[in-house]
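Here the structure comes first, spelled out in structure tokens, and everything after it is commentary.
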Amino acid sequence: MTTSSKPRIALWDNARFALIVLVVVAHAVSTARSDTALGFGLYAFVYLFHMPAMILLSGLFSRPETDLRGVRSTIQLIVTWGLWEGIWAVIRFAVEGRTPGSSFLVGPAWTLWFLVTLATMRIMLPFLARLRHPLLVSIGLALGAGLLPGIGGDFSASRTLCFLPFFVAGWLIRDRGWLAGEWFTTPSRGLRAGAWAVLGAVALGFALVPGLREFWRIDRWLTWRDDFAWLFANAPIGEWQPDSWAGIALGGLLVRAALLLAAAVLTLAVLIVVPRGHGVATEWGTRTLAVYLLHGPIIYALRESGAVAAISGLGWPGVLVLVAIGAAVAVVLSGAWVSRLARPLIAPSVDRIWAPEAAPRRTARG
């Protein structure tokens, strides 16, 4: 007798789709973010929480047990990453004439850092889960990562540590039922209104604060890959640019802690406002990996062709056009037909690398 699989919860798939749309939109406007205040504000707002939220959802469905299913899933992530590193190497050679250098595989190509980070977090989770306070430890690692210049973009080390609290929090949410209460499963109108107010206030603040880009290149802090010394040297906050090690360390810890807290608040706000019911976006939300991998070459082509630059030259209306293009790309790539056609690229088979499972032993009868 076969057992039916546990039904999917619409909330999480709806959230996945909403977040993957933000990912594509942010990448669509990223190279044009410095052209307008709206573009810079939109980029900073989305980057403040969209990847923390996606990683929290990834942690929500991760397990600390190293069973066969978990190992296969992690290995497939690594194989998919290697395949796409090769794809990006071919694309860049064809378009730019650039050959893979010493950073090939060491520095993940563009969006591929997420696959490396996710695989690393899954490998770390069984060890973190044995600690008394895994979330506090992960927060300490996220804060401390900025103190060491050696922890940078290689194998996405800095981003892995910076986003680790969200992954661990996602696992704890499911393991300990932190969001199982009715206040979250069926939020009241007042709570939803409050969450929308938080999101709207932060978005308007980024978009309308005059001279934000000139005062603080917060976008450089929100890449989560550089140490505090580099960040204060290249993205000081107004006149605040400490030069002593103690000043840089203390300032960096305070800023990163504030950004992590803001990301956590906005992530919770997004999860509160996401619809709980089933709809077309629910099904689209089951195919976010396809969107994540396939949108990169499309946005890259738009950049290299000059289309993004031409559109951004229109000013703030151009930003809105780029947002619409990003959303449209996300919707199209969410189609079931795209996942079927691109399955060998999205989920390459790893069956051949596994040893045959041992057959059950039979005991001799006397």
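For the range 119-143, what are the residues that are out of contact with any Pro (no Cβ under 6 Å at 6 or more places or on another chain) and among the hydrophobic types (A, V, I, L, M, F, W, C)? Break it down stepwise before answering.
The initial filter retains those residues of the range 119-143 that are out of contact with any Pro (no Cβ under 6 Å at 6 or more places or on another chain), namely 119-124, 127, 130-137, 140-141, 143.
Answer for the range 119-143, where residues must be out of contact with any Pro (no Cβ under 6 Å at 6 or more places or on another chain) and among the hydrophobic types (A, V, I, L, M, F, W, C): ALA119, MET121, ILE123, MET124, PHE127, LEU131, LEU135, LEU136, VAL137, LEU141, LEU143.
For the range 37-54, does any single residue satisfy the condition of being out of contact with any Cys (no Cβ under 7 Å at 6 or more places or on another chain), of a type in the set (A, V, I, L, M) and not in a helix (DSSP H, G or I)? Spell out the reasoning first.
In the first step, residues of the range 37-54 are kept if they are out of contact with any Cys (no Cβ under 7 Å at 6 or more places or on another chain); the result is 37-54.
Then drop every residue that is not of a type in the set (A, V, I, L, M), which leaves 37-38, 42, 44, 46, 48, 51, 53-54.
Next, from what is left, pick out any that are not in a helix (DSSP H, G or I): none.
No, that holds for no residue.
Answer yes or no as to whether LEU231 is farther than 20 Å from MET121 by Cα, touching a residue at least 40 places away in the same chain (Cβ under 8 Å) and surrounded by 18 or more Cβ atoms within 10 Å (Cβ to Cβ). Steps first, please.
Working: farther than 20 Å from MET121 by Cα: yes; touching a residue at least 40 places away in the same chain (Cβ under 8 Å): yes; surrounded by 18 or more Cβ atoms within 10 Å (Cβ to Cβ): yes.
When the stated conditions are applied, LEU231 passes them.
Would you confirm whether or not the range 63-71 contains a residue that is assigned to a loop (DSSP other than H, G, I, E, B), of a type in the set (Ser, Thr, Tyr) and within 16 Å of ILE123 (Cβ to Cβ)? Quick ask: steps written out before the conclusion?
Quick first cut of the range 63-71, residues assigned to a loop (DSSP other than H, G, I, E, B) only: 63-67.
Still in the list and also of a type in the set (Ser, Thr, Tyr): 66.
Narrowing the set further to residues that are within 16 Å of ILE123 (Cβ to Cβ) leaves 66.
Within the range 63-71 (the criterion being assigned to a loop (DSSP other than H, G, I, E, B), of a type in the set (Ser, Thr, Tyr) and within 16 Å of ILE123 (Cβ to Cβ)), the answer is yes, since at least one residue qualifies.
Quick check on the range 221-243. Is at least one of its residues polar (S, T, N, Q) and either within 16 Å of HIS50 (Cα to Cα) or touching a strand residue (DSSP E or B) at 6+ places or on another chain (Cβ under 6 Å) (or both)?
Narrowing the range 221-243 to residues polar (S, T, N, Q): 223, 234, 241.
Going one step further and asking which of them are either within 16 Å of HIS50 (Cα to Cα) or touching a strand residue (DSSP E or B) at 6+ places or on another chain (Cβ under 6 Å) (or both), we end up with 223.
For the range 221-243, residues polar (S, T, N, Q) and either within 16 Å of HIS50 (Cα to Cα) or touching a strand residue (DSSP E or B) at 6+ places or on another chain (Cβ under 6 Å) (or both): present.
Could you tell me whether the range 255-266 includes any residue that is modelled with pLDDT under 95, part of a helix (DSSP H, G or I) and among the basic types (Lys, Arg)?
Residues of the range 255-266 that are modelled with pLDDT under 95, as a first pass: none.
Within the range 255-266, none of the residues are modelled with pLDDT under 95, part of a helix (DSSP H, G or I) and among the basic types (Lys, Arg).
Looking only at the range 147-155, decide whether some residue is modelled with pLDDT under 95, part of a helix (DSSP H, G or I) and among the charged types (D, E, K, R).
Yes, some residue in the range 147-155 is modelled with pLDDT under 95, part of a helix (DSSP H, G or I) and among the charged types (D, E, K, R).
Please state which of the following conditions LEU302 fails to meet, knowing it meets all the rest: (1) under 18 Å from the mean Cα position of the chain (by Cα); (2) at pLDDT 95 or above.
(1)
Would you mention how many residues in the range 8-39 are touching a residue at least 40 places away in the same chain (Cβ under 8 Å), farther than 19 Å from ARG225 by Cβ and more than 14 Å from the chain's Cα centre (by Cα)?
Taking the range 8-39 as the starting set, the residues that turn out to be touching a residue at least 40 places away in the same chain (Cβ under 8 Å) are 8, 10-21, 23-29, 31-39.
Add one more test, that the residue is farther than 19 Å from ARG225 by Cβ, and what stays is 8, 10-21, 24-25, 28-29, 32, 35-39.
In the following step, the residues that additionally are more than 14 Å from the chain's Cα centre (by Cα) were identified as 8, 10-14, 28-29, 32, 35-39.
Adding up the residues that qualify gives 14.
Could you run through the range 80-104 and say how many residues are within 21 Å of the chain's Cα centre (by Cα), surrounded by 17 or more Cβ atoms within 10 Å (Cβ to Cβ) and either of a type in the set (Val, Ile, Thr) or not in a helix (DSSP H, G or I) (or both)?
1
If you take the residues of the range 289-333 that are outside any helix (DSSP H, G or I) and in contact (Cβ under 8 Å) with a residue 24 or more places away in the chain, which of them is surrounded by the most Cβ atoms within 10 Å (Cβ to Cβ)?
The qualifying residue surrounded by the most Cβ atoms within 10 Å (Cβ to Cβ) is GLY315.
The values are calculated or read from the model by the stated rules, or taken from the named source; none is laboratory data. This structure is a prediction, so every number in the text was calculated from the model and none was measured. Cβ atoms come from the backbone with ideal geometry, glycine included; neighbour counts cover every protein chain shown.
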